[in-house]
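All remarks here apply to the structure that follows.
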Amino acid sequence: MDLTQSIAPKSDQLNADDLISGPITVTITEVRAGTPEQPVDVILAEYPGRAYRPSKSMRRVMVSAWGAEASTYAGHRLTLVRNPEITFGRDKVGGIEIAEMSHITKPLTVALTATRGKRKNFTVAVLTTPAARDFLAEAKSLNGDTDKLRALYMDAQQAGATPETLTNIRALATPAPVETPAAT
């Protein structure tokens, strides 16, 4: 039995504790303005209702890689990892860092502020995307087999398929209502 879901914090954001079991790869669907304390909400296809709220350093990495216009980030992917060494003030609290990014052609190194007056190089690897898979064609070939469609849906979700593709797979797994003839 995998206990990962049982230890997930109940929150409206992705937390470092969500990554205790290991890195996750996510797909950005939208970037929205947040609050003054957390100014950016990165909406993820894999975590509906929970935003990734990157630190200022991780926002600097995103801007260095993809440019300042966040409206272009939809469809981009990130591999996020938990770094237990991240501090807040003097306390080690752990935090989320970007390990890999799509839409870059080579590893990216950015000089980030480590402590007041000191900078440290931070390197992000290229997130390679596996060969494109036609999930919708696969779904249609399963002829309504709900167990196989559910498994395909999970594969598509993990691979970062578009919300439209996921909706179409779900629709193929939902049996059409049977119409009964009206009594005369």
The conditions are (1) surrounded by fewer than 12 Cβ atoms within 10 Å (Cβ to Cβ); (2) outside the structural domain of Met62 (by TED's automatic domain parsing), and Thr115 fails exactly one of them. Which is it? (2)
Residue that is modelled with the highest pLDDT [pool: residues in region 34-72 that are within 20 Å of Ala156 (Cα to Cα) and in contact with an Asp or Glu (Cβ under 8 Å, 6 or more places away or on another chain)]: Ile43
Scope region 120-157; condition without any contact (Cβ under 8 Å) to a residue 40 or more places away in the chain and polar (S, T, N, Q); matching residues: Asn121, Thr123, Thr128, Ser141, Asn143, Thr146
Every listed condition ((1) more than 29 Å from Pro39 (Cβ to Cβ); (2) in a loop (DSSP other than H, G, I, E, B)) holds for Ile104 save (1)
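The values are calculated or read from the model by the stated rules, or taken from the named source; none is laboratory data. Computed from a predicted model, the values in this text were never measured in an experiment. Glycine gets a Cβ as well: all are built from the backbone with ideal geometry, and neighbour counts include every protein chain shown.
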